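Structure, as structure tokens:
The values are calculated or read from the model by the stated rules, or taken from the named source; none is laboratory data. All values derive from a computational prediction rather than experimental measurement. Positions of Cβ are backbone-derived with ideal geometry, glycine not excepted, and every protein chain shown enters the neighbour counts. Each accessible area value is taken on the protein alone, full model and side chains, heavy atoms only, with ligands, DNA and RNA left out. Shrake-Rupley method; radii C 1.70, N 1.55, O 1.52, S 1.80 Å.
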Amino acid sequence: MQMNDQPARSVAIRAEGLTKGFGEGETYTRAVSDVSFEAYHGEILFVVGPSGSGKTTMLSMVSGILRPDAGRVAIEETDIWSMGTDALAHFRLHKIGFVFQDFHLFPRLTTAENVAIPLIVQRRDWNEAIAEAHRFLDIVGLLNRADVPPVKLSGGEQQRVAIARALIAQPDVLVFDEPTASLDGDTGRNIINFVRTQVLNDHRCILIITHDSRIFEFADRILNMEDGRVTGIANGGSHVAHE
Amino acid sequence: MFGILRLAYKLLANDRTKFTALIVGITFAVFLMVQMTAMFAGVLARSSATVYNIGATMWVMDPAVQTVANTIPMPDTVLDQVRSMPGVKFAVPIYSGGGLVKLPDGTYQAVTIMGLDDDTLFGRPRMLEGRIEDIYGESGFIAVVDSEYAKLHSPEVGAEFEINDNRARIVGLAKVSSNGLFGVPTLYTTYNRALQYLPNARFTTSYILVEPKSAADIPRIQAAVARTGYVALTRDAFVRQISNFYTFQTGIGTNLLMMSAIAFIVGLSISGQTFYSFILENLEKFGALKAIGMTSRELVLMILFQAGFVSLTGYGLGTGLCAAMIWLARARLPDYASIITYANLLLALGMVVVIAGVSSWFGVRRVLRIEPFDIFRG
């Protein structure tokens, strides 16, 4: 594996020897094999590769929602898979933000209530959480849509609501799963541009799974996967380098 | 924690179709359950009305007696035997039987006639009008003012009519604590006048009412009565015996059980299915909550809260609706026999808890199984 030259930035995520398989006996399939990489504060790392290459499995292990068969994940020096289930959930709640491909917003709640969910789960006062949600909706430019249900929003707007929900707990790591998959080209680019300019900061690391080569220019680095292995890491905007 | 419960409430209540279906389903089931059991409780209370109204501590009777209404007369000698038993403070006879009243307009009305012991008038009703002593007067009867009173054309003191071709005169009006089951008016008179007015078999004593010297004497009296070939029951035991008869030896108990079971199944199926489909509809969202950092325990709490909320709301509405129905029915039908007892409410609450438990159990299983990785994988 080739590591590109990086400025002296602190490591946000360190993955070492991650391996995961599914099934048993003859049906056993190894989805991820011995994957190691580092991601840094202040960078956007794209994870790309064909379907079935193990991107989602790898990122699930890195973000603490799928236990690896082997290997280790440290987020800001914390070995997340040495924690118990509840402690890990607590860690995710405070340290990791998720933006799902289908957004998974609750259609029966208002936009503001959807955004406030992480704070509500953190046991923050309801009104305080809603006020904070309004602030983050303002950041993503949707304050005027705070009291409508997400089903009344466009795809791009829903994506921004999902981003606001992921941001509200002010996590150090943000994980995006195919953020542009259900958006048209312009909207997708606008969203990623928004993430690049408004969401990323020196204390935050953003991991993005994507197939969409039109947005590669927004990446600091691009990690390419095939058949469950990392086949190369390249600088953003350039063609993915293969070993 | 309050925020998580509020979130759970909003998720459920904002889905108005399912929320309404859940509330209506449980309300309907509770209404049916409470209504059925209330009717049964009403019937049971009415069936023991005489026992409560007379108020004796112990009742001596033929062992074949099953309810207070189907008396089997005993010979007068039993009364003397009981009076001589150790532990008996006093014992008096009472007559209970049916008569036919010929009303001034020429129509006939069946009545229950209670014959009180001439010496003590033990078991007498509470007088509303007239004096109890007037019962000793010629042809004296006291009419009970209850829901059946109108069937005698609401006679005033001094009214006269015929009972079994004998002249009877109302000398007082009285009230009893509980109405009878069979929908006929009740008249009180003396024991001897009852025997005189009503046709009798060889034996005449319907029951012997016994007051023990102390509660500790009751078993001793019961044993002594048993040696005579009769049975002595405390008031509560007699009420239980009557209740058991109507519950197990008539179709009432079976019908009640069937209707309650149907109500339970209807409630369980409507609410269980609706709640389960609500969980399924939101399953991926629950998975997303898990990914975000909600623990399984918190998710289970949310689901239990949702199930508990709709169940208790439905329970409150169902019991309220039933109470309103009974109130309305009583306004129209004074003799309507339904009583909501604590036992009815507890039984319905138990069923609601089972409905909530079963409904949420299926949901909890699905939510616990969903992995955040499934959400990522799509």
Could you tell me whether any residue of segment A:181-196 is outside any loop (DSSP other than H, G, I, E, B), free of Cβ contacts under 8 Å to residues at least 24 places away in the same chain, polar (S, T, N, Q) and open to solvent by 10 Å² or more (accessible area, probe 1.4 Å)? no
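Tell me which residues, restricted to segment B:14-34, are aliphatic (A, V, I, L, M) and either modelled with pLDDT under 85 or surrounded by fewer than 19 Cβ atoms within 10 Å (Cβ to Cβ) (or both). First the steps, then the outcome.
Just the residues of segment B:14-34 that are aliphatic (A, V, I, L, M), to begin with: B:21-24, B:26, B:29-30, B:32-34.
Scanning segment B:14-34 gives a single hit, B:V24.
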Find the residue count for segment B:312-347, including only residues that are within 18 Å of B:V266 (Cα to Cα) and modelled with pLDDT of 90 or more. 10
Output for segment A:133-147, where each listed residue is open to solvent by less than 40 Å² (accessible area, probe 1.4 Å) and either of a type outside the set (V, I, T) or more than 19 Å from the chain's Cα centre (by Cα) (or both): A:A133, A:F136, A:L137, A:L142, A:A146
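Is one or more of the residues making up segment A:34-55 open to solvent by 20 Å² or more (accessible area, probe 1.4 Å) and at the interface with chain B (Cβ under 8 Å from one of its Cβ atoms)? Quick ask: steps written out before the conclusion?
Within segment A:34-55, the subset open to solvent by 20 Å² or more (accessible area, probe 1.4 Å) is A:34, A:36, A:38, A:40-41, A:50-52.
Restricting the remaining residues to those that are at the interface with chain B (Cβ under 8 Å from one of its Cβ atoms) gives none.
Checking segment A:34-55: not a single residue is open to solvent by 20 Å² or more (accessible area, probe 1.4 Å) and at the interface with chain B (Cβ under 8 Å from one of its Cβ atoms).
Filter segment B:156-186 for residues that are assigned to a loop (DSSP other than H, G, I, E, B), of a type outside the set (A, V, I, L, M) and modelled with pLDDT under 90 and give the result.
Start the filter on segment B:156-186 by keeping residues that are assigned to a loop (DSSP other than H, G, I, E, B), which leaves B:156-159, B:164-165, B:176-185.
When the remaining residues are screened for being of a type outside the set (A, V, I, L, M), the result is B:156, B:158, B:164-165, B:177-180, B:182-183, B:185.
Of everything in segment B:156-186, those that are assigned to a loop (DSSP other than H, G, I, E, B), of a type outside the set (A, V, I, L, M) and modelled with pLDDT under 90 turn out to be B:N164, B:D165, B:S177, B:S178, B:N179, B:G180, B:F182, B:G183.
Test A:A89 against the stated conditions and say whether it is closer than 22 Å to A:I208 by Cα, facing another protein chain (nearest Cβ under 7 Å), of a type outside the set (D, E, K, R) and surrounded by 17 or more Cβ atoms within 10 Å (Cβ to Cβ).
Values: closer than 22 Å to A:I208 by Cα: yes; facing another protein chain (nearest Cβ under 7 Å): yes; of a type outside the set (D, E, K, R): yes; surrounded by 17 or more Cβ atoms within 10 Å (Cβ to Cβ): yes.
Spelling it out, A:A89 is indeed closer than 22 Å to A:I208 by Cα, facing another protein chain (nearest Cβ under 7 Å), of a type outside the set (D, E, K, R) and surrounded by 17 or more Cβ atoms within 10 Å (Cβ to Cβ).
Yes/no matrix, rows are residues, columns are (1) free of Cβ contacts under 8 Å to residues at least 40 places away in the same chain; (2) under 15 Å from the mean Cα position of the chain (by Cα); (3) in the same structural domain as B:L209 (by TED's automatic domain parsing); (4) open to solvent by less than 30 Å² (accessible area, probe 1.4 Å):
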position: B:M36; (1), (2), (3), (4): no, yes, no, no
position: B:A41; (1), (2), (3), (4): no, yes, no, yes
position: B:Q66; (1), (2), (3), (4): no, no, no, no
position: B:A69; (1), (2), (3), (4): no, no, no, no
Among the listed residues A:A129, A:A169, A:A162, which satisfies the condition of being within 13 Å of chain B (Cβ to nearest Cβ), touching a Pro at 6+ places or on another chain (Cβ under 9 Å), within 28 Å of A:I80 (Cα to Cα) and not in a helix (DSSP H, G or I)? A:A169
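For segment A:50-64, state whether one or more residues are in contact with a strand residue (DSSP E or B) (Cβ under 6 Å, 6 or more places away or on another chain), on the phi > 0 side of the Ramachandran plot and in contact (Cβ under 8 Å) with a residue 40 or more places away in the chain. Walk me through how you get there before you give the answer.
Taking segment A:50-64 as the starting set, the residues that turn out to be in contact with a strand residue (DSSP E or B) (Cβ under 6 Å, 6 or more places away or on another chain) are A:53-55, A:57-59, A:61-63.
If we keep only those that are on the phi > 0 side of the Ramachandran plot too, we end up with A:54.
In the following step, the residues that additionally are in contact (Cβ under 8 Å) with a residue 40 or more places away in the chain were identified as A:54.
Yes: segment A:50-64 contains one or more residues that are in contact with a strand residue (DSSP E or B) (Cβ under 6 Å, 6 or more places away or on another chain), on the phi > 0 side of the Ramachandran plot and in contact (Cβ under 8 Å) with a residue 40 or more places away in the chain.
Give segment B:86-95 a look and list any residue that's over 22 Å from B:T189 (Cβ atoms) and either free of Cβ contacts under 8 Å to residues at least 60 places away in the same chain or open to solvent by 20 Å² or more (accessible area, probe 1.4 Å) (or both), or say none. Steps first, answer last, please.
Filtering segment B:86-95 down to residues over 22 Å from B:T189 (Cβ atoms) leaves B:86-89.
If the condition is that a residue be over 22 Å from B:T189 (Cβ atoms) and either free of Cβ contacts under 8 Å to residues at least 60 places away in the same chain or open to solvent by 20 Å² or more (accessible area, probe 1.4 Å) (or both), then B:P86, B:K89 are the ones that fit.
Could you say which residue among A:V199, A:V175 is open to solvent by less than 20 Å² (accessible area, probe 1.4 Å), under 23 Å from A:V11 (Cα atoms) and at pLDDT below 85? Even if it seems obvious, please write down each step before you answer.
Details: A:V175 fails: at pLDDT below 85.
Criteria check complete, one pass: A:V199.
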Of the numbered conditions (1) surrounded by fewer than 17 Cβ atoms within 10 Å (Cβ to Cβ); (2) in contact (Cβ under 8 Å) with a residue 40 or more places away in the chain; (3) over 30 Å from A:D184 (Cβ atoms), A:K95 satisfies every one except a single condition; which is it? (1)
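Condition check ((1) farther than 30 Å from B:I279 by Cα; (2) of a type in the set (F, W, Y); (3) within 20 Å of the chain's Cα centre (by Cα)) across all residues:
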{"residue": "B:A8", "(1), (2), (3)": "no, no, no"}
{"residue": "B:G55", "(1), (2), (3)": "yes, no, yes"}
{"residue": "B:D62", "(1), (2), (3)": "yes, no, no"}
{"residue": "B:L100", "(1), (2), (3)": "yes, no, no"}
{"residue": "B:Y108", "(1), (2), (3)": "yes, yes, no"}
In segment A:56-86, residue nearest to the chain's Cα centre (by Cα) [restricted to those that are surrounded by fewer than 16 Cβ atoms within 10 Å (Cβ to Cβ) and within 10 Å of another protein chain (Cβ to nearest Cβ)]: A:R67
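Being of a type in the set (A, V, I, L, M) and either within 13 Å of B:T112 (Cα to Cα) or buried (at least 16 other Cβ atoms within 10 Å of the Cβ) (or both): is that true of B:A150 here? Give the derivation first.
On the way: of a type in the set (A, V, I, L, M): yes; either within 13 Å of B:T112 (Cα to Cα) or buried (at least 16 other Cβ atoms within 10 Å of the Cβ) (or both): no.
Answer is no for this residue.
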Do we find a residue being under 18 Å from A:V175 (Cβ atoms), touching a residue at least 40 places away in the same chain (Cβ under 8 Å) and either of a type in the set (D, E) or within 14 Å of chain B (Cβ to nearest Cβ) (or both) anywhere in segment A:3-14? no
Quickly run through segment B:333-355 and pick out the residues that are surrounded by fewer than 16 Cβ atoms within 10 Å (Cβ to Cβ), among the aliphatic types (A, V, I, L, M) and touching a residue at least 12 places away in the same chain (Cβ under 8 Å). B:A343, B:V353, B:V354
Which one is most open to solvent (accessible area, probe 1.4 Å) among residues in segment B:286-306 that are free of Cβ contacts under 8 Å to residues at least 40 places away in the same chain and assigned to a helix (DSSP H, G or I)? B:R297
What do you reckon, is A:T111 more than 12 Å from chain B (Cβ to nearest Cβ) and closer than 28 Å to B:F278 by Cβ? yes
If I go through segment B:208-246 residue by residue, how many of them are closer than 24 Å to B:G115 by Cβ and among the hydroxyl-bearing types (S, T, Y)? 3
